[in-house]
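Report on the following structure.
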2 protein chains.
Amino acid sequence: MSFFVQFLGTGSALPKENAHPSSQYIFCQNRHFLIDCGEGTQIQLRKYGIKIQKIDAIFISHLHGDHYFGLVGLLSSMHLLGRNKKINIYGPPPLDQIIRSQIEVGGARLDFQIDFHPIDDLFEGLIFEDKVLEVKTFRLKHKIPTHGFIIQEKAKPRHLISDKFKDSGLSIAFIVPFKNSQDVVDETGVIWKYLDFTTASKKSGSYAYCSDTAYSESIIDHIQNVDVLYHEATFTNHYVSRAKTTKHSTAEQAAQIAQLAKAGTLFIGHLSARYDDPKQHILEAQAFFQNVKYAEEGQIFRIC
Amino acid sequence: MSFFVQFLGTGSALPKENAHPSSQYIFCQNRHFLIDCGEGTQIQLRKYGIKIQKIDAIFISHLHGDHYFGLVGLLSSMHLLGRNKKINIYGPPPLDQIIRSQIEVGGARLDFQIDFHPIDDLFEGLIFEDKVLEVKTFRLKHKIPTHGFIIQEKAKPRHLISDKFKDSGLSIAFIVPFKNSQDVVDETGVIWKYLDFTTASKKSGSYAYCSDTAYSESIIDHIQNVDVLYHEATFTNHYVSRAKTTKHSTAEQAAQIAQLAKAGTLFIGHLSARYDDPKQHILEAQAFFQNVKYAEEGQIFRIC
């Protein structure tokens, strides 16, 4: 599995024993990301055997406590466990000072660098990119500035037909261009076609995270055709007006977004603590989008 | 049970699934206190069925995250659950701003009042008093300013011998002075002795909390004859030098303090995450103090 999500906490603002506040671990081609880091995330990471020192970057959607109160504790534990590798944190601008003041007041000095990347309230676009993936952010519709994230794998290299390439006697310098869909002209002027030596690349996957948000069609452009969409579904239809006033979504609204965005799979979570199970949410969502699942704590789901 | 402690978290700085960071719930004659509030305390409170809205006061020993990172989350949940009753928080002065800035940045407005009572770095003495108990604080010896707490029940009223009092035909106005060990002179000049109408009052209990601290005999005066002492025991003797440099205690040192203070029962906790069980700690402590127990998560212990 080269790209998966593991749900660490999919509860809402009032955590329960089996409904921890928001946090998700994303593994993508040896990149290790966290999205949101609610209270107790470090304990959840330990529970599920995820090595905290491998985490390269943490993305915080907004400054409601159930989405970031576990962050400074996690950073402190990284320090205590001997981390010296830099970490990148992406989130609302005031988060930088919150982190630094709590570390300072505790008399601690972290042995690793925090690169804080502020996401301004109105910003939408690329926030991270390397050779295999990119992360973009977009605005959600909540009580305070809140951002969603989409992680997209870049086009993968085509697959070399090794035997055929060997038999051709061509220089290994041809491999990289072939894998990157480029024909190569040799010194005699002959054109070697990548299509003759490679097969199609593996599909690239994408994952989008939308929590917390009211129903907002402006999200759709940003997550069009996403393979896996996590969208909050705090309420059932019975509380649709409460969803509106608190700027959260119903399961039906999450499903509508998934349908309009032509998502592959929809995961719902962030259910209000008033619900004991997600049955009704799933039922209501399925009226609009068949492939809906509940984001159960601990569950690993393969994206690609 | 009118006075007990329940251990919510007795782990050290690196929490594990069954070793949550520090927090203890104290019930004393219908007063509900928390001492320390590490990350995840609100989930532990729910797990053990403790009603969070009943908590009257929270005492924070120091500003290392494993002792307070659960505080703002707990306050937020109190708000979401409709609290309007004031809460008292006692702790290091910078804590006030930490709480307020995190609430403010989340766009929240709490519907209840927080009365923050700063405990200055060098302060020792009374911080809370009502008609049935008092709470005093004293300095521990740690890397940053850290305070211990002792909760002491005041002398309880004597027990009225109801039948005898009834037969005497005396006015009910005599009851309160009798219970408070006062003789009463009636209008004819006769002296009525409280000893004739009451039996001895029930014992008053006391509980002391000392975490985190290096071995420090200056604690002893403050906790003399305490019924139940919780004292951190991060290390076994094997790591005595590490205890010294990190300003923590060994189990043996905790036992020495208990012995010198003539404590009734010693609970040890805050064991380093390197230990899987407290057996060696208990063994080493028992060489100095027989009545030692491990403060297991969830355990309730009657103080009086």
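The values are calculated or read from the model by the stated rules, or taken from the named source; none is laboratory data. On a predicted model such as this, the values are computed, not experimentally measured, just so you know. Neighbour counts are summed over all protein chains in view; Cβ atoms, including those assigned to glycine, are modelled from backbone coordinates with ideal geometry.
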> Name the residues in the stretch A:75-90 that are within 21 Å of A:Ser211 (Cβ to Cβ) and buried (at least 23 other Cβ atoms within 10 Å of the Cβ), would you?
Replying inline: A:Tyr90
> Any idea how many residues of the stretch B:220-250 are of a type outside the set (Asp, Glu) and surrounded by fewer than 22 Cβ atoms within 10 Å (Cβ to Cβ)?
Replying inline: 14
> How about the stretch B:1-50: which of its residues are among the basic types (Lys, Arg) and within 14 Å of another protein chain (Cβ to nearest Cβ)?
Replying inline: B:Lys16, B:Arg46, B:Lys47
> Can you name every residue in the stretch B:77-100 that is over 26 Å from B:Gly148 (Cα atoms) and at the interface with chain A (Cβ under 9 Å from one of its Cβ atoms)?
Replying inline: B:Ser77, B:Leu80, B:Leu81
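Just to be sure, is B:Glu297 closer than 20 Å to B:Phe33 by Cβ and assigned by TED's automatic domain parsing to the domain that holds B:Gly11?
Values: closer than 20 Å to B:Phe33 by Cβ: yes; assigned by TED's automatic domain parsing to the domain that holds B:Gly11: yes.
In short, yes.
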> Out of the residues in the stretch A:143-180 that are over 21 Å from A:His117 (Cα atoms) and either of a type in the set (Gly, Ala, Ser) or within 14 Å of another protein chain (Cβ to nearest Cβ) (or both), which is nearest to the chain's Cα centre (by Cα)?
Replying inline: A:Ala155
> Inside the stretch B:223-267, can you point out the residues that are out of contact with any strand residue (DSSP E or B) (no Cβ under 8 Å at 6 or more places or on another chain) and either within 11 Å of B:Val292 (Cβ to Cβ) or polar (S, T, N, Q) (or both)?
Replying inline: B:Gln224, B:Ser241, B:Thr245, B:Thr246, B:Glu252, B:Gln253, B:Gln256, B:Gln259
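Do we have B:His67 as under 22 Å from B:Gly125 (Cβ atoms), in contact (Cβ under 8 Å) with a residue 60 or more places away in the chain, within 19 Å of the chain's Cα centre (by Cα) and within 11 Å of chain A (Cβ to nearest Cβ) here? Working first, answer last.
Values: under 22 Å from B:Gly125 (Cβ atoms): yes; in contact (Cβ under 8 Å) with a residue 60 or more places away in the chain: yes; within 19 Å of the chain's Cα centre (by Cα): yes; within 11 Å of chain A (Cβ to nearest Cβ): yes.
So B:His67 fits the description; yes.
When you scan the stretch A:100-127, how many residues do you find that are outside any loop (DSSP other than H, G, I, E, B) and modelled with pLDDT of 95 or more? Break it down stepwise before answering.
Residues of the stretch A:100-127 outside any loop (DSSP other than H, G, I, E, B): A:100-105, A:114-118, A:125-127.
Now drop any that are not modelled with pLDDT of 95 or more, which leaves A:114-118, A:125-127.
Count: 8.
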